[in-house]
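Each reported figure results from applying straightforward, stated rules to the coordinates on display, with no laboratory input. Computed from a predicted structure; not experimentally measured. Ideal geometry is used to build each Cβ from the backbone, glycine not excepted, and the neighbour counts take in all protein chains shown.
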Amino acid sequence: MRATVKRKAHFNAAHRLFKKDWDAQKNLEVFGKCSYPNYHGHNYELIVGVTGEIDKETGFVIDLKILKDLIESEVEDAFDHKNLNLDVPEFKTLNPTAENIAVVIYDKLKKKLDTTFDLEVILYETPRNYVIYTGA
Ligand code: NI
């Protein structure tokens, strides 16, 4: 029997969306307010889903304490109250869109989890805008 367990988390971070090789006008056309040079913040809401077999002995897919600690060390400690463009190495050359942030979070967590698990990352940039990434 397989089941999916999910854990919610939260971080605040600043970012700016832009491409270095585009001028300010082109960046404004494509990224709108998100390209303003002095950065802006979001309250990111994260939902991480782990799918796997329910262990016969424990009744767990994964101990949620383990998932909580993993999200804390890999995501919250790395991103919370940071400027994603300036402070987070993964975004030195990668535009920190919600899509790319979700992919980076997925990759970081995937490396630390047993390979038998399927992973899903849902990232809300605003209450109305969110991204789902499952590694596909
Ligand atoms: Ni933004």
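Restricting attention to segment 60-116, report how many residues are small (Gly, Ala, Ser) and within 20 Å of PRO37 (Cα to Cα). Talk me through it step by step, then tell me what you get.
Step one: list which residues in segment 60-116 are small (Gly, Ala, Ser), which gives 73, 78, 98, 102.
Going one step further and asking which of them are within 20 Å of PRO37 (Cα to Cα), we end up with 98.
Qualifying residue count for the region: 1.
For segment 77-133, which positions are of a type in the set (S, T, N, Q) and in contact (Cβ under 8 Å) with a residue 24 or more places away in the chain?
Step one: list which residues in segment 77-133 are of a type in the set (S, T, N, Q), which gives 83, 85, 93, 95, 97, 100, 115-116, 126, 129.
Those that are of a type in the set (S, T, N, Q) and in contact (Cβ under 8 Å) with a residue 24 or more places away in the chain: ASN83, ASN85, ASN95, THR97, THR116, THR126, ASN129.
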*Kindly provide the set of residues from segment 106-136 that are out of contact with any Leu (no Cβ under 9 Å at 6 or more places or on another chain) and hydroxyl-bearing (Ser, Thr, Tyr), ordered by number.*
THR115, THR116, THR126
*Is there any pair linking a residue in segment 37-52 that is under 15 Å from LEU86 (Cα atoms) and within 12 Å of the ligand (Cβ to nearest atom) to one that is of a type in the set (A, V, I, L, M, F, W, C) and assigned to a strand (DSSP E or B), with Cβ under 9 Å and at least six apart or on different chains, and which?*
TYR39/ALA14; HIS40/ALA14; GLY41/ALA13; GLY41/ALA14
*Would a scan of segment 70-89 turn up a residue that is more than 16 Å from the ligand (Cβ to nearest atom) and small (Gly, Ala, Ser)?*
yes
